[in-house]
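Here the structure comes first, spelled out in C-alpha cells, and everything after it is commentary.
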Number of protein chains: 2
Amino acid sequence: MATIQDVAAAAGVSTASVSRHLAGQPVRTADAIARAIDELGYQPNISARNLRTGRHAAIGVIVPDVTNPFFAALIKGVQQEARAAGVQILLGNSDEDPAQENALIGELSQRTDGIIIAPLVEEGRSATDVARLRMPVVFVDRESRERREVDRVMVDNLGGTRLAVEHLAALGHTRIAFIGGPLTSTPGRQRHAGFLDTMREHDLMVDERLVVIADFRESGGHDAMHALWREQSRPTAVFAANNVMTLGALRALDEVGARVPDDISVVGFDDLSFATLLRPPLTVVRRPEVEQGAAAARLLLDRVDGDTGSPPVSVTLAVELVVRGSTGVARPDDGIDRG
Amino acid sequence: MATIQDVAAAAGVSTASVSRHLAGQPVRTADAIARAIDELGYQPNISARNLRTGRHAAIGVIVPDVTNPFFAALIKGVQQEARAAGVQILLGNSDEDPAQENALIGELSQRTDGIIIAPLVEEGRSATDVARLRMPVVFVDRESRERREVDRVMVDNLGGTRLAVEHLAALGHTRIAFIGGPLTSTPGRQRHAGFLDTMREHDLMVDERLVVIADFRESGGHDAMHALWREQSRPTAVFAANNVMTLGALRALDEVGARVPDDISVVGFDDLSFATLLRPPLTVVRRPEVEQGAAAARLLLDRVDGDTGSPPVSVTLAVELVVRGSTGVARPDDGIDRG
DNA sequence: AGACTTACTGTAATCGATTACAGTCGGCGG
DNA sequence: CCGCCGACTGTAATCGATTACAGTAAGTCT
C-alpha cells in the first residue's frame, strides 16, 4: 500500500504538500501530486488520520433487533444522512439484551464520533449509563432521565395512542384491550399512559384484566392475546403497542379462530410494509420511521460538527392513524359477560 | 482521555509492560497495572492500535437494502459471529445502486479487515470489481466470475426453484408463470434457469409470455403480476423469485380481485416472518437466512485470521419447501384460453 | 561459585497521517 | 533597487499504541 511518503517522493514534494492537496488547499504542484496519487493508487490510511485528528468519520447505531422492520427503516434513515455527510456507520445489535447494549456502547464509543441509541429501557444500573461517555449521543424513542441530558428524537406516542383509542371508541367499542410493552421503556410507558388517559377522557371503563403488559416481542403479543381471549368477558377491540406484538396478537386470534374485525377489532402501533396484504388489511398508527432515523442522524452530526454548546433538543415526530380493514363497528351483542 | 503513558506512569512501569498486560501476557506488575487502568478509566486508543498493527478488528457488510427482511436477517447472522469474534461491523447500504455499492466497497475496504458483499449484479464495469482489493472478501448469493476467485455462500437456487415448480406440477398446474429478477444477478439467473429446466423436465410447455423478468423489488413483482393477469391465457400458478416480488404480486392479485389459490396459486422464494398471517398463508421456498450470514462471517473471519492460502470455498445452503395455503390443485376449467 | 536458562522488563523505533512553525519565493509599490 | 506582503512550501513534532531488541534478575544445575 502506497503511503503519503511515496506520493510525496513521486511528485517531488513534501508530505505536507500532499496532505494539503488532499485537504483541498491550493498547492502549486497540484497536478504532479494528483498524477502521483493516481499512478500509485494511493489511498490515505484512515487509522493514521484518525489517530492524528482524533476523529473517526464514523457514527454508531445501536438497535435491539435489526430484523424488526421499524429498526431496519430507522437504520436506513441514518444511512441516508451519514452518506451525505461522508460518515460511516458502525452497527450494533443488542439482541434485546441490556448487557449487550451496554457492551456495545463501550465498544462503539471508542471507534466513532457519536452514537445513536434506540434503547431497551429508560434506566438501568450501568446499562445505557451514557453520562460517562464524553461524546455526542442521540436517543431514539427514549425520554432522557440521565443526569446528563442528551438530544432525542421521539414520536408522538400519546397522540398516536389517542388516535387509535378514539377511533375504536367512535366505532362504538367500550371493552377495549391494551397489549403494551415494558413500562421501563419510553414507548411502553407513554403508550400505556396514553391508553389510560384517553379511555378516561371518553368515560370508558378500564378493565385492568384487559390491560396486559408484554415485552414488545411477537411472542409477547401472541401470549397476551391468548390471555385476553380466555377472559370471561372478552374485549371487542384491542390496541397493540408495537408492530411485532400486533402480529403476535393476530396469530393468536388466528389460532382461536376469531374473525377480525367481526369478532374483534385490531389496531397496531407502527405500520408494516405488508399491512395492506393482511386479511383484513391492518389499521395502524403510522410514524415516519426512516425520517426518524434521518432526524437522529442530523442531530448527531450537528453535535459532531462542533455544536456542543447549545442545550439538548427533543424532536417529536407526528404520527397518523391509517384506517384499513381490521377495525369495524362494535356489534351490539359483543362484549357481553359470558361468565 | 488517559493514554497508555499515563497508565505506565501511574503504575510505575514502562508502556511496554502495560501493553503486554493488555495483550494477556504475564507481567509481574499485573496488579498495579490493573489498578492504574481502573483508576484512570483507561481505554486503549483504537486508532493508534489499528495504525500500529495494520488491523481494524472490524468487517464490512454491504447489502442492497437493509429493510428487506432477508438482508436484515443476513446482517443478524453476521452480527452473531462478529460479536463472538470481538469484531465490529461497518454497515453499507447500496440502495440498489451499483455506483453506491462500488463506492462503499472503496470506503469500507479502508476501514475493515474484510468485506461481506451481497451484490446487485454479477459483473459490472468497475462495479464490484473486487480484484483490486487486497483483502478477504466473501460473496453472498453470487457466483464468482472475477479474475480473482473469492469465497462465497450460496443457497440452492436451482433446487429451491425445482421444489416450487414440482409442487405446482404435482397439483396439476401446467400454465405456470415465472416472475424473476435481473439475469445479471446470480439469484436472478439461477432461479430463471431452474424454472426453465424443471418445466422442461416435466414436459411442461414454457409460454414465454408467462416468463417476466422484473427487478427483485416489490413494484417489480406488482407490475409483472398485472401484466400476467392481462394475458389472453392466464397462468393458473405463479412462482415469484424473491420475497418482496411475491408481496408485489399478491398486491396486484388483490387489486384485480383474484382469489388465491382458487384463481391462481402462488409460491415465493424466501420465507417471511408474517407469511403465516397472510390470507391464505403463503407457500414458500425457505432458506436459512441468519445462518447464511453467519456462514459468510465465519468464512471471512477465517481468512482474516490468516488463512489466505487455501483455495476459495463455496458453501451452498439447502432450502426447503414450506407448503401453506397459497397453492392448491389446478381447477380443470382453469387455463382456458379466453382469446 | 560459576555458567546457563528462564522469565520478565525497558528503550526506542515504528505505523502514516496532520499541522505548527519557520522559511522561501515572486511580485509590486515606492 | 529595496522592502514588504502574500502565497505557498518544507521540516519536524505529534497522535498513542505495539514490538524488536537488548538487557537484567532470579533460579537451577554442576
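The values are calculated or read from the model by the stated rules, or taken from the named source; none is laboratory data. Source: prediction; values computed, not measured. Glycine gets a Cβ as well: all are built from the backbone with ideal geometry, and neighbour counts include every protein chain shown.
Please find, within segment A:220-256, the residue that is surrounded by the fewest Cβ atoms within 10 Å (Cβ to Cβ) out of those that are basic (Lys, Arg) and over 25 Å from A:PHE70 (Cβ atoms). The extreme case among them is A:ARG230.
Evaluation of B:HIS226 against the conditions (1) touching a Gly at 6+ places or on another chain (Cβ under 7 Å); (2) modelled with pLDDT of 95 or more shows that the sole unmet condition is (1). Meeting the requirement of 3 or more residues that are facing chain B (nearest Cβ under 10 Å) and within 32 Å of the chain's Cα centre (by Cα), the helices (runs of 4 or more DSSP H) wholly within segment A:1-89 are A:46-53, A:69-85. All conditions in (1) at pLDDT 95 or above; (2) farther than 18 Å from A:GLY114 by Cα; (3) near DNA strand C (Cβ under 10 Å from one of its atoms) hold for A:ILE46, with the sole exception of (2). When the test is whether a residue is of a type in the set (Ser, Thr, Tyr), more than 7 Å from DNA strand C (Cβ to nearest atom) and buried (at least 18 other Cβ atoms within 10 Å of the Cβ), A:THR67 passes it. Of all residues in segment B:1-54, which are among the charged types (D, E, K, R) and near DNA strand D (Cβ under 6 Å from one of its atoms)? Of everything in segment B:1-54, those that are among the charged types (D, E, K, R) and near DNA strand D (Cβ under 6 Å from one of its atoms) turn out to be B:ARG20, B:ARG49, B:ARG52. Within segment B:1-29, the set of residues being polar (S, T, N, Q), within 9 Å of DNA strand C (Cβ to nearest atom) and closer than 19 Å to B:ALA48 by Cα comprises B:SER14, B:THR15, B:SER17, B:SER19.
Checking B:ALA275, B:ALA318, B:ALA330 one by one, the residue that is closer than 22 Å to B:ALA170 by Cβ and within 14 Å of chain A (Cβ to nearest Cβ) is B:ALA275 and no other. Which residue pairs have Cβ atoms closer than 7 Å, lie 6 or more positions apart in sequence or on different chains, and pair a first residue in segment B:96-114 that is assigned to a loop (DSSP other than H, G, I, E, B) with a second residue that is basic (Lys, Arg)? Taking only residues 6 or more apart or on different chains, the pairs are B:ASP113/B:ARG55; B:GLY114/B:ARG303.
With respect to the stated conditions, B:GLU291 fails to be surrounded by fewer than 22 Cβ atoms within 10 Å (Cβ to Cβ) and modelled with pLDDT under 95.
Just checking, does segment B:300-311 include any residue being away from chain A (no Cβ under 14 Å) and within 19 Å of the chain's Cα centre (by Cα)? Yes: one or more hits.
Would you pick out the residues in segment A:49-64 that are more than 9 Å from DNA strand C (Cβ to nearest atom) and of a type in the set (A, V, I, L, M)? Correct list: A:ALA57, A:ALA58, A:ILE59, A:VAL61, A:ILE62, A:VAL63.
Okay, residues lined up against (1) touching a Cys at 6+ places or on another chain (Cβ under 9 Å); (2) over 17 Å from B:ASN242 (Cβ atoms); (3) not in a helix (DSSP H, G or I):
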| residue | (1), (2), (3) |
| --- | --- |
| B:ALA177 | no, no, yes |
| B:THR184 | no, no, yes |
| B:ARG189 | no, no, no |
| B:MET199 | no, yes, no |
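Taking (1) touching a residue at least 24 places away in the same chain (Cβ under 8 Å); (2) surrounded by fewer than 19 Cβ atoms within 10 Å (Cβ to Cβ) in turn, B:GLY77 satisfies each apart from (2). Only one of the numbered conditions (1) more than 16 Å from DNA strand C (Cβ to nearest atom); (2) touching a Leu at 6+ places or on another chain (Cβ under 6 Å); (3) not β-branched (Val, Ile, Thr) is not met by A:ALA84, and that is (2). Being over 20 Å from B:PHE139 (Cβ atoms), of a type in the set (Gly, Ala, Ser) and surrounded by 18 or more Cβ atoms within 10 Å (Cβ to Cβ): is that true of B:ALA2 here? The answer is no for B:ALA2.
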